[in-house]
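**Q** Sending over a structure as structure tokens; questions will come in a sec.
The values are calculated or read from the model by the stated rules, or taken from the named source; none is laboratory data. Just so you know, these numbers come straight off a predicted model, no measurement behind them. So basically every Cβ, Gly included, is an ideal-geometry build from the backbone, and we count neighbours across all protein chains shown. Note: areas computed on protein heavy atoms with side chains; ligands, DNA, RNA excluded. Shrake-Rupley method; radii C 1.70, N 1.55, O 1.52, S 1.80 Å.
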Amino acid sequence: METKPLTKYLAELIGTFCLVLFGCGAAVIAGANSTDIPPSGIGLLGISLAFGLSVVVMAYTIGPISGCHINPAISISMLVAGKLSFKDTVGYVIFQCIGAIAASGVLYLLASGRASFSMGEYALGANGWGANYLGHYSTQSAFIGEAVFTFLFLLVIFGTTAKRANPAMAGLAIGLSLTLIHLVLIPITGTSVNPARSLGPAVFAGGNALGQLWLFIVAPILGGIVAAVFYKVAFEEK
């Protein structure tokens, strides 16, 4: 029996909600080194694993329902590859963005309960770049990083979900690839490769996070589109 569109859209909402809440939540609540409220200070590796493992658990939870895109760049790439209809692409993207914003709202309610909480310029795990962000990388580095790593991420997704691949391992491979991406890209942009993941925190943080949001929409979508075309031409079985 075919899954109803609304059911698939709700699955994408829940999946994106969990990705943002677990991933950004790990960064905001437990990511910084601290000695006063253990356990905290999970650092770069811990945050990377939080995002990657979120994808793994959601892949096996909602994958059979919606395919577990939980990322507009993935959905648009699947549209270009002919694996998702235009109607479902629009529905997926809208519900992914709603899920990300809702998760950021919950994260704000959690984080703001601490007496020392301050929104800051890039609050709630917002993505960014430049002189006031993490490693102080340039716009060029941020754009290239987001586009190239989204391209590679989509190649993993297309490869592990192909007919000749082992479907039981797809979720694990995709989640681990996202972990690897975070290990490299966090110092540059905080790692997006996902417009919805960037949108949620930016809505609450405002300022530079919102002003720089364009890059985290354009670069991942561009990388995903190029990956769809490249995989179809170079690797897809005729």
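**Q** Ranked from the most accessible area to the least, with a 1.4 Å probe and all protein chains present, what is the order of 197, 114, 164?
**A** On the way: 197 10, 114 100, 164 135 Å².
So, going from the largest accessible area down, we get 164, 114, 197.
**Q** Under the definition of Cα pairs under 8 Å and six or more residues apart, what whole-number percent is the relative contact order of the chain? All intermediate terms of the calculation are to be shown ahead of the outcome.
**A** Numbers: 393 pairs, mean separation 67.5, N = 238.
28 percent.
**Q** So how tilted is helix 139-160 from the main axis of the chain? Cα-based, degrees 0 to 90, rounded to 10.
**A** 40 degrees
**Q** Any chance you could run the full-extension gain for residue 166 through residue 94? It's 0.36 nm times the residue separation minus the Cα-Cα distance, nm to one decimal.
**A** Numbers: separation 72, 0.36 × 72 = 25.92 nm, distance 3.02 nm.
Full-extension gain reported as 22.9 nm.
**Q** Compute the angle between helix 43-66 and the longest alpha-carbon principal axis of the chain, please, reported from 0 to 90 degrees and rounded to the nearest 10.
**A** 40 degrees
**Q** How big, on average over all directions, is the shadow cast by the Cα convex hull of the chain, in nm²? Please list the in-between numbers first.
**A** Working: hull surface 50.7 nm².
Here the figure is 12.7 nm², rounded to one decimal.
**Q** What is the percent carbon and sulfur in the accessible area of the chain, measuring with a 1.4 Å probe over the protein chains and ignoring ligands?
**A** Result for the chain: 71 percent of the exposed heavy-atom area is carbon or sulfur.
**Q** Sort 192, 118, 138 from largest to smallest accessible area, using a 1.4 Å probe on the heavy atoms of the protein chains.
**A** On the way: 192 5, 118 85, 138 55 Å².
Output order, biggest surface exposure first: 118, 138, 192.
**Q** Just subtract the alpha-carbon distance of residue 119 and residue 214 from 0.36 nm times their residue separation and send over the number in nm, one decimal.
**A** Working: separation 95, 0.36 × 95 = 34.20 nm, distance 2.11 nm.
That works out to 32.1 nm of additional length.
**Q** While we're on this one: Mind checking region 102-174 for chymotrypsin sites (Phe, Trp or Tyr not before Pro) that DSSP puts in a loop (not H, G, I, E or B) and that have at most 14 other Cβ atoms within 10 Å?
**A** In loop regions of region 102-174 (DSSP not H, G, I, E or B), the sparsely surrounded chymotrypsin sites (Phe, Trp or Tyr not before Pro) are 117.
**Q** Provide the net charge surrounding residue 154, with neighbours chosen by a C-beta distance below 12 Å and charges set as Lys +1, Arg +1, Asp -1, Glu -1. All intermediate terms of the calculation are to be shown ahead of the outcome.
**A** Details: positive: 83, 232; negative: none.
Summing Lys/Arg as +1 and Asp/Glu as -1 gives +2.
**Q** Further, regarding this structure: Rank 51, 204 by accessible area, highest first, at a 1.4 Å probe radius? Mind dumping the intermediate values first?
**A** Numbers: 51 5, 204 80 Å².
Descending accessible area places them as 204, 51.
**Q** Pick from 181, 98, 144: which residue has the top mean-square fluctuation in a GNM of the chain where Cα pairs under 10 Å get a spring?
**A** Greatest mean-square fluctuation among the candidates belongs to 144.
**Q** Now, a different point. Pull out a ≥ b ≥ c, the square roots of the eigenvalues of the alpha-carbon gyration tensor of region 108-173, then state rounded if a/c is under 1.5, prolate if not and a/b is larger than b/c, and oblate in the remaining case. Working shown, then result.
**A** Working: a/c = 5.51, a/b = 1.67, b/c = 3.30.
Verdict is oblate for region 108-173.
**Q** Let me know the shape class of region 157-238, please: from the alpha-carbon gyration tensor, a ≥ b ≥ c as square roots of the eigenvalues, rounded when a/c is under 1.5, otherwise prolate if a/b is greater than b/c, or oblate. Show your work: numbers first, answer last.
**A** Values: a/c = 2.85, a/b = 1.89, b/c = 1.50.
It comes out prolate by the Cα gyration axes.
**Q** Let me ask something additional. Angle check, please: helix 213-234 long axis (alpha carbons) against the longest principal axis of the chain (alpha carbons), in degrees 0 to 90, nearest 10.
**A** Roughly 30 degrees, rounded to the nearest 10.
**Q** Mind checking the per residue accessible area of region 114-238 for me, 1.4 Å probe, whole number of Å²? Please list the in-between numbers first.
**A** Working: 5660 Å² over 125 residues.
Per residue, region 114-238 has an accessible area of 45 Å².
**Q** Let me ask another. Taking GluC sites (Glu not before Pro) that fall in a DSSP loop and have at most 10 other Cβ atoms within 10 Å as cut points, what is the longest piece of the chain between them? Before the final figure, lay out the partial values.
**A** Numbers: sites that count: 2, 237.
Here the longest segment lacking exposed loop sites spans 3-236.
**Q** A follow-up question, please. Could you give me the ³J(HN,Hα) list for region 100-105, computed from phi with Karplus coefficients 6.51, -1.76, 1.60 and θ = phi - 60°, whole Hz, x at Gly and Pro?
**A** Using θ = phi - 60°, the values come out as 5, 5, 4, 5, 5, x Hz.
**Q** Just need the relative contact order of region 187-238 here, percent rounded to a whole number, with Cα pairs under 8 Å and 6+ apart.
**A** On the way: 21 pairs, mean separation 18.6, N = 52.
Computed value for region 187-238: 36 percent relative contact order.
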